[in-house]
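Below is one structure; the comments refer to it alone.
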Amino acid sequence: MIRFALAFLLAPMAMMAATISVNVYAALGPSPYPGESPSYGTSYPQSGTWATTVQDALQAGGADSGDINTSPTAFNKVTSVNASEILTSAGNFNLWRGNTSPTGNFANEQGTFLFFPFSITVTGGQVALSDITFTQTFSNPALQAAYGVNYTYSAADIYSFEEMGFVGPSTYLTSGESATTPVDGIFNTGGFFAFAYNATANGGATPNEQIANTLAAIKAFGDYTISTCVSVGGGASSCADVNVMAPSSVPEPGTYALMGAGLLGLVALRRKRA
């Protein structure tokens, strides 16, 4: 099963004279779904959370912060990952980068996602969430057919701690302002992507068996590239490519339930949390 999501932002006025800078990155992070991670965060600023670390890093020009090998709240840019790292148990058991027995700072995490944070800054004009288009393409034809994305924010979208607008040096829009509200720039924790264990498709009696079955299904996709692009009003844009490598080895489960059934997929836009 695949869980994917995204989120982005703008207004078309004064774009001709404005200088717009767009930067898109890729990074691993904890589950953004409520109840699945104690470290993702629920607001901004919120010390010791992944979302705030990313927002602060975007404001610092996309600089890495912390070490993802020692803390789930770190922001480390990536250009390649192994598919076995981007797994979520969908709230069923603890899991971090494919390990079903995470310890220390990762002990209560229930999945690792591949995120695509981005920043948009404007000189001589403003932008709004509703002017942003997000596209995501997969070099694997089967994944592209099922999960390719081309999304433009609408007036129904809102600013939040995840898709944050800023006005001036210290005023942030983080709590439900309309997507058409013009701002000086946007910092966005980005869309996300992960393979999720699904009991119906993958079976298994224990977490280790369940992950082994999931990895066996994922391996069929082989190696592929995810290209993520953000554009503003059809003008300024930026892309980030991530090479996803097939699991190099698949642990032997006690039983392969429903092998050949593959992954049950789900693609959804990220909904705003209250």
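The values are calculated or read from the model by the stated rules, or taken from the named source; none is laboratory data. Model, not experiment: these values are computed from the prediction. Counting neighbours? That spans all protein chains shown, and the Cβs are built from the backbone with ideal geometry, glycine included.
Annotation note: Cβ proximity below 7 Å between a residue of the range 57-81 that is assigned to a helix (DSSP H, G or I) and a residue that is at pLDDT 95 or above and among the aliphatic types (A, V, I, L, M) (sequence gap 6+ or interchain) occurs for A57/A63.
Could you list, in sequence order, the residues of the range 71-126 that are more than 23 Å from N188 (Cβ to Cβ), out of contact with any Lys or Arg (no Cβ under 9 Å at 6 or more places or on another chain) and surrounded by 23 or more Cβ atoms within 10 Å (Cβ to Cβ)? Those that are more than 23 Å from N188 (Cβ to Cβ), out of contact with any Lys or Arg (no Cβ under 9 Å at 6 or more places or on another chain) and surrounded by 23 or more Cβ atoms within 10 Å (Cβ to Cβ): L95, W96.
Being more than 15 Å from the chain's Cα centre (by Cα), farther than 19 Å from V242 by Cα and at pLDDT 95 or above: is that true of P38 here? In short, yes. Go through the range 175-198 and report how many residues are β-branched (V, I, T), in a strand (DSSP E or B) and surrounded by fewer than 24 Cβ atoms within 10 Å (Cβ to Cβ). Total meeting the criteria: 0.
Listed here are the residues, each with its yes/no results for (1) more than 20 Å from the chain's Cα centre (by Cα); (2) surrounded by fewer than 20 Cβ atoms within 10 Å (Cβ to Cβ); (3) among the hydroxyl-bearing types (S, T, Y); (4) part of a loop (DSSP other than H, G, I, E, B).
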{"site": "A156", "(1), (2), (3), (4)": "yes, yes, no, yes"}
{"site": "S160", "(1), (2), (3), (4)": "no, no, yes, no"}
{"site": "E163", "(1), (2), (3), (4)": "no, no, no, no"}
{"site": "L173", "(1), (2), (3), (4)": "yes, no, no, no"}
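Go through D64, D157 for me and flag whichever is modelled with pLDDT of 95 or more and of a type in the set (D, E). Going through D64, D157 in turn, the sole match is D64.
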